[in-house]
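Working notes, beginning with the structure itself.
The values are calculated or read from the model by the stated rules, or taken from the named source; none is laboratory data. Here the structure is a predicted model, which is why all the values come from computation and not from measurement. Don't worry about glycine lacking a Cβ; one is built from the backbone with ideal geometry, like all the others, and counts go over all protein chains shown. Quick note on the areas: whole protein, heavy atoms, side chains included, nothing else; ligands and nucleic acids left out. Shrake-Rupley method; radii C 1.70, N 1.55, O 1.52, S 1.80 Å.
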Amino acid sequence: MPRTLLAAAISCGLTCVSVSALSATAYVSNEKDDTISVIDLNSLETVETLEVGQRPRGLTLSHDNKLLYICASDSDTVQVMDLATRRIIKQLPSGADPEQFALHPNNKWLYISNEDDALVTVVDVDNEEVLAQIDVGVEPEGMAVSPDGKWAVNTSETTNMLHWIDTSTNALVDNTLVDQRPRHVEFSKDSKVLWSSSEIGGTVSVVDVEQRQILKTLDFQIKGVHRDKVQPVGVKLSSDGKYAFIALGPANHIAVVDAKTYEVLDYLLVGRRVWHMAFNLDESHLLTTNGVSGDVSVIDVGTLKVVKSIKVGRYPWGVVVAP
């Protein structure tokens, strides 16, 4: 092959890899607009706005990426959107004020936190039936299911606890006391470690799953930002076990943490009141929802630089990415 053609082919190949890595769609819940913003991750632009139930917050995808589950908190329901048509096809009996939820690896059991009723509701998404309602602490919010399917963990904001639910029985079997106002929980890929953010405490607890005991408490100090504004909420772990990204709320920064040593490596300035995050398909980029500024920041994970800001609706809250 002539040298010029070879160079062009290499260049095209690199471009195609880059485009392929970004070719996907992000869905962002706008809690004050009652809408979902649809972002094309190739163009990095909002391409559509979908009307949904009142005060949409938590979002999650079915494991085949065909369905989008939406916590319509003020509508007291979980809506199910068919992503092929982008239409709501059914409503699930979620319990009152659903805020966050997590789907079991079996793709059937949805664990939903009901903030007003101090409950976790478990719904069979196929049969649209409530399988269990589990008493937890006051103001439950965060919800995660371990990748191995053994544990569902809920956070109670006022009780300051993690509640451990055995998914084989849907029984509450243990509690772990953490810092003030825990908001979000995230399991490591191997299900051995759980990360829990505490908004008012300003910390993140790293918890050993087997012992259900805290291994490490992370603190954050950002030059020029008052301590009271450092309010961790969203947590996102890279699949390779390298990074933990922590959204620090009104501090308007993402903390980059070494997921093995727990050292804070950097702070990245994003939009105002950063809340939750999602990776693109190959985890080369990280999206953050910034509630007060009404935008989504795009972080290049390789360089740890913010490369784009995308305007969405009012008070973006949750975000997921689908092929």
**Report entry** Under 23 Å from the Cα of residue 66 - lysines, other chains or at least 8 residues apart
**Finding:** 90, 108, 189, 236
Requested in this report: Measure nothing but the geometry: give the 0 to 90° angle between the long axis through the Cα atoms of 3-22 and the longest principal axis through the Cα atoms of the chain, rounded to 10°.
Outcome: 20
Report summary line: If each part is reduced to its alpha-carbon centroid, the range 59-114 and the range 166-209 end up apart, in Å, by 22
Report task. Determine which lysines satisfy two conditions relative to residue 32: a Cα distance under 17 Å, and not lying fewer than 8 residues away in the same chain. Result -> 311
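Give the carbon-plus-sulfur fraction of the accessible surface of the range 25-183 in %, rounded to a whole number; probe 1.4 Å, heavy atoms of protein chains only. Walk me through the numbers on the way to the answer.
Details: 2490 of 6090 Å².
Using a 1.4 Å probe with all protein chains present, the range 25-183 comes out at 41 percent carbon and sulfur.
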Query raised in the report: With a ≥ b ≥ c the root eigenvalues of the C-alpha gyration tensor of the range 42-84, is it rounded (a/c under 1.5), prolate (a/b larger than b/c) or oblate?
Result: oblate
Report task. Taking the Cβ of residue 252 as the centre, find all other residues whose Cβ is under 15 Å away and add up their charges (Lys, Arg: +1; Asp, Glu: -1). Result -> +1
Report summary line: Quick calc: nm separation of the 7 Å Cα→Cβ label points for residue 89 and residue 166 -> 3.5
Requested in this report: Please calculate how many Å² of accessible area the range 176-295 carries per residue, with a 1.4 Å probe and no DNA, RNA or ligand atoms counted.
Outcome: 41
Query raised in the report: Between [x] 59, 49, 39; [y] 57, 46, 36; [z] 69, 46, 36, which matches Cα extents along the principal axes in Å calculated for the structure shown?
Result: [z]
Query raised in the report: Alpha carbon centre of the range 224-263 versus the range 30-44: separation in Å?
Result: 23
Query raised in the report: Over all pairs of distinct alpha carbons, what does the Kirkwood formula give as the hydrodynamic radius of the range 130-276, in Å?
Result: 15.3
Report summary line: One finds, for residue 130 and residue 314 with R0 = 22 angstrom and r their Cβ-Cβ distance, a FRET efficiency to the nearest 0.05 of 0.10
Requested in this report: Given the options 26, 132, 244, state which has the largest fluctuation in a GNM of the chain using a 10 Å cut-off (strictly under) for Cα springs.
Outcome: 132
Query raised in the report: Straight-line reach from residue 216: which aspartates and glutamates have a Cα under 16 Å away, not including same-chain ones fewer than 8 places off?
Result: 179, 186, 208, 258, 263
Report summary line: Length gained, residue 150-residue 174, 0.36 nm per residue minus C-alpha separation, equals 7.3 nm
